[in-house]
Amino acid sequence: MTTQQAALSHLKVLDLSRVLAGPWCTQMLADLGADVIKVERPGAGDDTRHWGPPFLKDADGNDTPDATYFTACNRNKRAITLDMAQPEGQALIRQMAASSDILVENFKVGGLQQYGLDYESLKAINPRLIYCSVTGFGQTGPYAERAGYDLMIQAMSGLMSITGHADDQPGGGPMRMGVALIDVLTGIYACSAILAAIEARHRTGEGQHIDMALLDVGMAVLANQAAGFLNTGKVPQRQGNTHPSLAPYQTFDTLDGNMLLAIGNDGQFARFCEAAGQPEWVQDERFRSNTLRVKNREALVALMLPVTRSRSTTDWIRLLEDKAVPCGPINTIEQAFTDPQVLARCLVIKQPLALMEKWQEAIKNVSNQTTVNTVASPLRLLATPPVLHRAPPQLGQHTDEVLAELGLDATQITALRDRGVV
């Protein structure tokens, strides 16, 4: 908990997004201090509240109805439930948008227009509003009306075609990433775009519409693989854990498992060869430069494997760590979270969960789960560090609080709840 003023503590965010890309963006803003109000469907909430297993555990170690997925991207937010299909719900969202700096939504293209909650409608109420739309394919183009999901974009963008082992290798074939990486990266790009729009607003006094598409991001993050294809016409192929432009830059078997060796220049290769007791490799005409090592990768790896298998992973790391040769273990997630560096950086945070009143109609199956663990923000602003003031909220936890801030009294809030608006 920090008492310092956070970097974005002056900003108000209305979060109409669900699942991962939008909520990842708004959690970043919330971690930086913005007041984020997350709007969810009464009784159901964000889809990820139910995307399990795994589920949060209660004090007795039993599954609760709450999926852990939701906790990954909803820390530091206030949560309300609101039915935007009802005119009263739409009016409340317009009231909140009028005093918000940022709105993030991931409805289908044109999906909010029927409610009068599209950008043009809300811009008329609040010209300073920065309105970020996150969709699968963007607001324009022949696919704009299609639903888009991370896995679909991994496939369509070509990312899966360069992930996994080659077809002629055991287990060969296209492979998805182990996390919904396109969603996460879209959230990060969206946050960057929003902060740029905030900066532009300082000069113009006007907000703007931001059009974020998962496909655009999927194509952008092909990075060097895209650059290689666009400038040579050569289509990149899957090649397992090796690198298309560097060698040796891959996993290697060791005496007790495997390790990752990431040699990125000739100096590192020379230091590795010396430490491994194979200085003659540096003088071998096949390996004198990185380009030659890539060309002769198979021959080099064939020489290296008997050597790497002669020591344990720990011994290799110990041997190379003071020689500026990048080498490390291939951890399980459990091992990663017990790594001394991860512990020293305090990357796991534990927060108390709010105890919800059972009488609240929006809350179902209240559990006695008392704490939740999440991964700390990696944004280390030393003067204005990220805040940690709210655990991922229970469904509708802040409905009464937010509505009271809008000027509604207890009787009015009760009436809205009785009509299913909240």
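Among the conditions (1) part of a loop (DSSP other than H, G, I, E, B); (2) open to solvent by less than 20 Å² (accessible area, probe 1.4 Å), the only one that GLY187 does not satisfy is (1). The number of residues in the stretch 56-75 that are of a type in the set (D, E, K, R) and within 23 Å of the chain's Cα centre (by Cα) comes to 2. Within the stretch 320-361, the set of residues being at pLDDT 95 or above and touching a Cys at 6+ places or on another chain (Cβ under 8 Å) comprises LEU320 only.
Within the stretch 70-120, the set of residues being in contact (Cβ under 8 Å) with a residue 24 or more places away in the chain, of a type in the set (Asp, Glu) and open to solvent by less than 50 Å² (accessible area, probe 1.4 Å) comprises ASP83, ASP101, GLU105. Checking the stretch 40-59 against the condition returns no match, with no residue being open to solvent by less than 20 Å² (accessible area, probe 1.4 Å), under 19 Å from PHE107 (Cβ atoms) and out of contact with any strand residue (DSSP E or B) (no Cβ under 8 Å at 6 or more places or on another chain). Looking across the stretch 315-339, the residues that are without any contact (Cβ under 8 Å) to a residue 12 or more places away in the chain and not in a loop (DSSP other than H, G, I, E, B) come down to ARG318, GLU321, ASP322, ILE333, GLU334, GLN335, ALA336, PHE337.
Return yes or no: is ARG288 open to solvent by 40 Å² or more (accessible area, probe 1.4 Å), of a type outside the set (Asp, Glu) and within 21 Å of PRO244 (Cβ to Cβ)? Considered against the rule, which asks whether it is open to solvent by 40 Å² or more (accessible area, probe 1.4 Å), of a type outside the set (Asp, Glu) and within 21 Å of PRO244 (Cβ to Cβ), ARG288 comes out as yes. Here VAL282, VAL217, VAL294, VAL307 are screened, and the one residue that is under 30 Å from ALA190 (Cβ atoms), among the β-branched types (Val, Ile, Thr) and either part of a strand (DSSP E or B) or in contact (Cβ under 8 Å) with a residue 12 or more places away in the chain (or both) is VAL217. Close Cβ contacts (under 6 Å, 6 or more residues apart or on different chains) running from residues in the stretch 189-213 that are hydroxyl-bearing (Ser, Thr, Tyr) to residues that are surrounded by 13 or more Cβ atoms within 10 Å (Cβ to Cβ) comprise TYR189/VAL217.
If you go through the stretch 192-236 one residue at a time, how many are open to solvent by less than 40 Å² (accessible area, probe 1.4 Å), farther than 30 Å from ALA97 by Cβ and of a type in the set (Val, Ile, Thr)? Residues in the stretch 192-236 being open to solvent by less than 40 Å² (accessible area, probe 1.4 Å), farther than 30 Å from ALA97 by Cβ and of a type in the set (Val, Ile, Thr): 0 in total. Residue pairs whose Cβ atoms lie under 7 Å apart, sitting 6 or more positions apart in sequence or on different chains, and linking a residue in the stretch 130-145 that is more than 30 Å from ALA34 (Cα to Cα) to a partner that is open to solvent by less than 60 Å² (accessible area, probe 1.4 Å), are TYR143/PHE137; ALA144/VAL109; ALA144/PHE137; ALA144/GLY138; GLU145/VAL109. Taken residue by residue, the stretch 163-177 has no member that is more than 13 Å from GLY22 (Cβ to Cβ), open to solvent by 30 Å² or more (accessible area, probe 1.4 Å), charged (D, E, K, R) and touching a strand residue (DSSP E or B) at 6+ places or on another chain (Cβ under 9 Å). Given the structure, is PHE272 within 38 Å of the chain's Cα centre (by Cα) and either in contact (Cβ under 8 Å) with a residue 60 or more places away in the chain or open to solvent by less than 60 Å² (accessible area, probe 1.4 Å) (or both)? Here the answer is yes, as PHE272 does meet what is asked.
The values are calculated or read from the model by the stated rules, or taken from the named source; none is laboratory data. Every value quoted in this text rests on a predicted model; they were computed, and no experiment measured them. In this analysis, Cβ positions are derived from the backbone assuming ideal geometry, glycine residues included, and neighbour counts consider all displayed protein chains. What goes into the accessible areas is simple: the full protein's heavy atoms, side chains included, and nothing from ligands, DNA or RNA. Shrake-Rupley method; radii C 1.70, N 1.55, O 1.52, S 1.80 Å.
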